[in-house]
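Take a look at the structure set out below.
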Amino acid sequence: MAKVIGLTGGIGSGKSTIAKYLVSLGYPVYVADDAGRKVMQFPEVIQAIKEKFGTAIFDNQQLNRATLAKIVFEYPEKLQELNAIVHPAVRNDFKKWLEENQDSPYVFYESAILFESGSYANFDKIITITAPLETRIDRVLKRDSTDREQLLKRIKAQWTDEERVAKSDFVIENLDIDLAKLKMDEFLKILTIN
């Protein structure tokens, strides 16, 4: 049975870059954000979203993710309602993915909200990627078409680095990607020894 390693960090921390690095090394990585986008196309999930949020967030039967994001990051109770729909679908998708990747000694599950979703309790080890808040903000503003105010609402909806670190087995500070990759290599060596 593959050991499942959680990989988390706040938006802009560089966890996706580390996840891509793990893939380049041959490790299976499940990306929860990608899975969330995928399951939000499932008919039963779309129906549940329509029932909870109405049809105004759909354009020609297509879910307008930007409109939905604006709502859920403005109103925390709406984010909880969306998560109650999407998280169970992602969990089921992950179970199927895990069965397909049982031959690997380790698999990684990358998610910004690993702790918030409660899924961290199911993992063998947890790695948190950190970076200073302003560094994270700069990275996201350069990468995404968002404004600072919307970004800060998203950051506020997530745990702080301090909260994540307190529950993690290994921490990688990502100020320089090459050094962060070296720290990941160090963790992989520790993992194979234990």
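The values are calculated or read from the model by the stated rules, or taken from the named source; none is laboratory data. Worth saying up front: this structure is predicted, and the values here are computed from it rather than measured. Note: ideal-geometry Cβ built from the backbone for every residue, glycine included; neighbour counts use all protein chains shown. Areas reflect the complete protein model, heavy atoms only, side chains present, ligands, DNA and RNA absent. Shrake-Rupley method; radii C 1.70, N 1.55, O 1.52, S 1.80 Å.
The figures follow:
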{"quantity": "For the range 44-134, with +1 on Lys and Arg beta carbons and -1 on Asp and Glu, the positive-most of Tyr106, Ala89, Phe123 along the dipole", "calculated": "Ala89"}
{"quantity": "Cα-centre dipole for the range 93-157 with unit charges at Cβ (Lys and Arg positive, Asp and Glu negative), debye to 20", "calculated": "340"}
{"quantity": "Potential lengthening between Asp124 and Thr146 on full extension [0.36 nm per residue; Cα-Cα distance subtracted]", "calculated": "4.4 nm"}
{"quantity": "Mean accessible surface per residue for the chain, computed with a 1.4 Å probe while every protein chain stays in place, in Å²", "calculated": "56"}
{"quantity": "Pair Arg37, Asp138: separation of 7 Å Cα→Cβ label points (nm)", "calculated": "2.6"}
{"quantity": "Calculated FRET efficiency for the pair Glu100/Glu51, C-beta based, R₀ 25 Å, to 0.05", "calculated": "0.20"}
{"quantity": "Net dipole in debye of the range 1-79 [+1 Lys, Arg Cβ; -1 Asp, Glu Cβ; about Cα centre; nearest 20]", "calculated": "220"}
{"quantity": "Between the range 49-75 and the range 85-121, the Cα center-to-center distance that results, in Å", "calculated": "25"}
{"quantity": "In Hz, Karplus ³J(HN,Hα) per residue of the range 180-189 (6.51, -1.76, 1.60; θ = phi - 60°; x = Gly, Pro)", "calculated": "5, 5, 5, 5, 5, 4, 4, 4, 4, 5"}
{"quantity": "Value of D in µm² per second that Stokes-Einstein yields for the range 1-85, Kirkwood Rh from Cα pairs, at 37 °C (0.692 mPa s)", "calculated": "220"}
{"quantity": "Burial order of peptide ranges 32-41, 148-157, 58-67, 11-20 (average beta-carbon count within 10 Å, highest first)", "calculated": "11-20, 32-41, 148-157, 58-67"}
{"quantity": "For the chain, size of Cβ-based charge dipole, Lys and Arg +1, Asp and Glu -1, in debye", "calculated": "200"}
{"quantity": "Positive-end residue, the chain charge dipole about Cα centroid, Cβ charges, pick of Ile137, Met40, Leu79", "calculated": "Met40"}
{"quantity": "Rounded tilt (10° steps) of 15-24 against the dominant C-alpha axis of the chain", "calculated": "60"}
{"quantity": "Residues with amide H under 5 Å from that of Ala131, placed H, sequence gap 5 or more", "calculated": "Asn174"}
{"quantity": "Computed FRET value (nearest 0.05) for Glu186 with Arg65, which takes r as the C-beta separation and R₀ as 41 Å", "calculated": "0.65"}
{"quantity": "Which of Leu175, Gln150, Thr160, positive extreme of dipole for the range 131-194 (C-beta unit charges)", "calculated": "Gln150"}
{"quantity": "The chain: relative contact order in percent, alpha carbon pairs under 8 Å with at least 6 residues between", "calculated": "39"}
{"quantity": "Computed E for Lys20/Gln80 - FRET, C-beta separation, R0 30 angstrom, nearest 0.05", "calculated": "0.50"}
{"quantity": "Projected label distance in nm at Asp178 and Asn92, using a 7 Å step from Cα toward the beta-carbon", "calculated": "4.7"}
{"quantity": "Listed residue pairs exceeding 20 Å between alpha carbons, taken from Lys142/Lys167; Lys20/Lys189; Lys3/Lys38; Lys38/Lys125", "calculated": "Lys142/Lys167; Lys3/Lys38; Lys38/Lys125"}
{"quantity": "Interatomic Cα distance distribution for the range 74-194, bins of 10 angstrom, percent", "calculated": "10, 34, 38, 16, 1"}
